[in-house]
Amino acid sequence: MRPAASSAFLSLGLIAAPAAAQQPVPSSTVAVPAALDDRDELRRTLAIERQALDRQQRALDEQRARIDRLEARLSGDTGTQVAQTALPPGGVPLPVSPPPAPPPAGTQVQTVGEAPSDQRQVQVAVLSEQGGIITKAGRATVEVNFEYARADRNQVVFRGVQIPEAVLIGVFDINQSRQDVLTVGTVGRLGLTSRLEINGRLPFVYRSDKSVLAPVANPSEPNAGQLDRPVSGANIGDIDFGLRYQFTDGNNGAPYLIAGVQAVAPTGTDPFRVPRDALGNALKGATGAGFWALTPNLTAILPSDPAVLFATLGYTYNFARTINRQIGAAFIERVAPGSQPSASAGIAIALNPRTSISFGYAQTWALGTKTRVRALNQTTQELGNPVTALSRDLQIGRLLFGVSYRTSPTTTLNWNVEVGATGDAADVRTTLRIPFTFNAY
């Protein structure tokens, strides 16, 4: 080769070498000079590459999970059983929202961080004693609840003759009673299968009754003969236990249907066995009803995003019992409490994935109690012929309100309030429930 040509090629090579060195190197490629023998620098480089690879793998896993969820929604499989695993005690899953619209063609989608949760995929806890879906198999719930109830009764009885235009000639008996009941209870629920649940409740009751009887016979002495009778009592209340069975799973827009039966055992202080004075007035407050009771019920729960509709029908049968005890001037032989058909309905609304509120109404029709008594002759101590007395029916209506806040996947705070809507109902009743859920087996 001629010297001129060699010189030209050498010049072109010297010019091309810097240009090639300035070409960009892909970020995924690490250039390590052959002469470089720095092991620490090499380790740092490998660590950076591994972190980048891990981030990419997590992004792929999140994208794959999102695709699986979208495919499940598209096929109509809402995964009821999977949703129940994350439900709070008594919670009801809402229908999932439709999948988001796909992005326009040509638009690049980039996932950064954690994907936002579906705001409408929340769990709504219905009101206390209105039921919920069945506890998952192998899961147990232990609940502590605090309940306070207040009832005021004011009654005026007039015995005499009424002359038209508000002229009354006779005797007034003014009877005022106030009852405060504080209950601390422990409730346990266990899912035997995915459809069958057993439960039980042990309450401790403190009761305070204050009554005033003021027979007014002389207008100049309006408080003559006034009697104050405060009594109180504290003891274990009536234990109740039962089981519930879920017939449907709420798929395809159908409601959850749950049938149950609840039994009440008279373990509290018997009202017919408490100490009394010569007139038959109780000297200690009773903490139990004194009768066995059995209540079959049926609950329907219909999720309708973002709310849950619920309704319950029940019928309480109280078993009669023989008393055979003298109370005042009467000898009570047998008492048969009336049955109590009941119904309730309401709506629970999800405000966000943690908080929900509930509104409802409940009505109980307590049929009259039959009591077979004999009059006792105070002089001869002889009993008269048995007479059966029937008390009047009671209409017990309550307005219901509740707030539920989920503090963790296993704990939810529930606060419920009942306000009496009829004269026979308690004035107010409020309950705070704190359930804890865990795996039993």
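Quick notes
Rundown of residues vs (1) open to solvent by 30 Å² or more (accessible area, probe 1.4 Å); (2) at pLDDT below 90; (3) part of a strand (DSSP E or B), yes/no style:
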residue	(1), (2), (3)
ALA311	yes, no, yes
ASN324	yes, no, yes
GLY346	no, no, yes
TYR361	yes, no, yes
VAL373	yes, no, yes
GLN381	yes, yes, no
LEU399	yes, no, yes
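- Selection status of THR411, at pLDDT 90 or above and within 28 Å of PRO203 (Cα to Cα): no
- Taken over segment 22-40, the residue count meeting the criterion of being modelled with pLDDT of 65 or more and open to solvent by 80 Å² or more (accessible area, probe 1.4 Å) is 2.
- Restricting LEU279, LEU294, LEU283 to residues that are within 23 Å of GLN246 (Cα to Cα), of a type outside the set (Asp, Glu), in contact (Cβ under 8 Å) with a residue 12 or more places away in the chain and open to solvent by 30 Å² or more (accessible area, probe 1.4 Å) narrows the list to LEU294.
- Filtered by the rule that a residue be in a strand (DSSP E or B) and polar (S, T, N, Q), segment 348-359 gives THR355, SER356, SER358.
- Subset tally (residues that are out of contact with any Lys or Arg (no Cβ under 9 Å at 6 or more places or on another chain) and assigned to a strand (DSSP E or B)) for segment 184-212: 8
- The set of residues in segment 258-289 being closer than 17 Å to GLN326 by Cα and either among the polar types (S, T, N, Q) or in contact with a helix residue (DSSP H, G or I) (Cβ under 9 Å, 6 or more places away or on another chain) (or both) consists of ASN281 alone.
- In summary, PHE241 fulfils each of the numbered conditions (1) open to solvent by 50 Å² or more (accessible area, probe 1.4 Å); (2) touching a Pro at 6+ places or on another chain (Cβ under 8 Å); (3) not in a loop (DSSP other than H, G, I, E, B) with the single exception of condition (2).
- Identity of the residue in segment 240-279, touching an Asp or Glu at 6+ places or on another chain (Cβ under 9 Å) and aromatic (Phe, Trp, Tyr), that ends up modelled with the lowest pLDDT: TYR256
- Within segment 332-344, the residues that satisfy the criterion of being assigned to a strand (DSSP E or B) and of a type in the set (S, T, N, Q) are GLN340, SER342, SER344.
- Single condition ILE301 does not satisfy, out of (1) of a type outside the set (Gly, Ala, Ser); (2) out of contact with any Ser or Thr (no Cβ under 9 Å at 6 or more places or on another chain); (3) closer than 30 Å to GLN378 by Cβ: (3)
The values are calculated or read from the model by the stated rules, or taken from the named source; none is laboratory data. Remember, predicted model here, so these are calculated numbers, not experimental data. We place every Cβ from the backbone using ideal geometry, glycine too, and count neighbours over all the protein chains shown. To get the accessible areas, we keep the full protein, side chains included, count just its heavy atoms, and leave off ligands, DNA and RNA. Shrake-Rupley method; radii C 1.70, N 1.55, O 1.52, S 1.80 Å.
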